[in-house]
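Some notes on the structure that comes next.
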Amino acid sequence: MKTVAITGVLGYSGRYVAAEAVRRGWRVIGLTNSAGRLSNPACYELRPMPWSASGEDILRGVDVLVNTYWVRFSFNGAGHAAFSHREAVENTLALFRAAQQAGVRRVVHVSITKPDASSPLPYFRGKAHLEQALFDLGLPHSILRPAVLFGDTPQESILINNMAWSLRHLPCAGTFGSGADYFLQPVHVRDLAELAMEEAERPEPHRVVHATGPETYSFRDLWRMLAQTMGVRRLILPMPHWVGYAAASVLGALMHDVMLTRDEVRGLTQNRLAVDEEPAGKRSLRQWVEQHAQQLGCSYQSELSRRR
């Protein structure tokens with residue numbers, strides 16, 4: 001039986017990858033720093049994240065590493081453990097080196113649409129740096145480049161759910177600028193999981209997969225689709241970027257959360273969450289919204305609550 005090690009196996013995307021691996025007959029080792037904090041209902045074998053110098057021992061005997069580890073934004077606020085993009089890059093580099101030293105035969109790494117080593121945005125710059133580092137190490141690998149994820153339930157689909165929450169609870173919704181000239185291609189996390197395990201079995205030394213969903217929405221049209229499908233009538237208003245960001249910051253503060261960061265607004269409006277390539281995802285966001293229209297946005301979902 002082949003063995004796959006998966007980062008974040010008790011979290012969001014890692015949990016789906018692990019379930020898909022089991023379905024395909026793989027033995028799963030979960031890499032996590034959340035043992036004892038998050039439940040492990042599938043009873044995966046758990047090992048600590050291999051950040052230390054002896055990390056190769058943690059990955060010894062592993063055939064394939066699937067890396068979903070990352071942080072959405074840097075944060076150093078009260079009540080939560082601090083995390084940052086710089087730390088995420090350093091930890092991931094240690095993970096890659098441990099995989100190489102342990103003789104892991106392939107790495108499947110989750111990146112982002114349009115990584116860019118010259119970008120001033122640390123999310124996209126960090127992802128580009130890690131892609132290059134993986135190539136430079138000479139490890140056979142596949143890189144998956146998704147954008148926004150949505151899952152089986154509204155509760156785990158934070159961005160889409162909280163947009164729906166805004167539509168249910170606020171008199172209007174806003175776009176950054178017109179909202180018509182930048183786009184998103186949301187992908188279901190099950191599509192990502194299936195792609196990850198398909199790539200785990202690939203023989204090619206280096207592959208890049210555009211793990212985007214089959215539908216492309218402008219930001220304005222995404223608001224409109226959500227409102228129409230949920231049966232909610234709201235004005236969708238164009239706003240200067242700073243006004244939209246200020247509104248998101250105020251809402252985030254009221255909910256004791258970070259709803260959207262300034263860098264995320266820049267990444268979105270720079271059209272970094274959509275590509276012109278053939279999408280690898282198959283599941284429709286519109287159909288998913290139709291299925292969950294009665295529950296979507298009924299409660300706010302906090303990003304920070306996942307990191308307590």
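Overview of results
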| read-out | value |
| --- | --- |
| Criterion: touching a residue at least 60 places away in the same chain (Cβ under 8 Å) and in the same structural domain as Ala200 (by TED's automatic domain parsing) - qualifying residue of Leu38, Leu93, Leu65, Leu59 | Leu65 |
| Single match in Leu285, Leu273, Leu268 (criterion: touching an Asp or Glu at 6+ places or on another chain (Cβ under 8 Å), within 15 Å of Leu159 (Cα to Cα), crowded, with 17+ Cβ neighbours inside 10 Å and not hydroxyl-bearing (Ser, Thr, Tyr)) | Leu285 |
| Condition met for Ser305 (surrounded by fewer than 16 Cβ atoms within 10 Å (Cβ to Cβ), among the small types (Gly, Ala, Ser) and in a loop (DSSP other than H, G, I, E, B)) | no |
| Lone qualifier among Gln132, Gln155 - being of a type outside the set (Phe, Trp, Tyr) and closer than 22 Å to Glu201 by Cα | Gln132 |
| Number of the exception - Gly179 against (1) surrounded by fewer than 19 Cβ atoms within 10 Å (Cβ to Cβ); (2) assigned to a loop (DSSP other than H, G, I, E, B); (3) in contact (Cβ under 8 Å) with a residue 12 or more places away in the chain; (4) not assigned by TED's automatic domain parsing to the domain that holds Ile143 | (1) |
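Residue-by-condition table, conditions (1) under 20 Å from Thr113 (Cβ atoms); (2) not in a helix (DSSP H, G or I); (3) not polar (S, T, N, Q):
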position: Arg220; (1), (2), (3): yes, no, yes
position: Pro238; (1), (2), (3): no, yes, yes
position: Tyr245; (1), (2), (3): no, no, yes
position: Ala248; (1), (2), (3): no, no, yes
position: Asp263; (1), (2), (3): yes, no, yes
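The values are calculated or read from the model by the stated rules, or taken from the named source; none is laboratory data. Note that the coordinates shown come from a computational prediction; the quantities given were computed from them, not determined experimentally. Neighbour counts run over all protein chains shown; Cβ positions are idealised from the backbone, glycine included.
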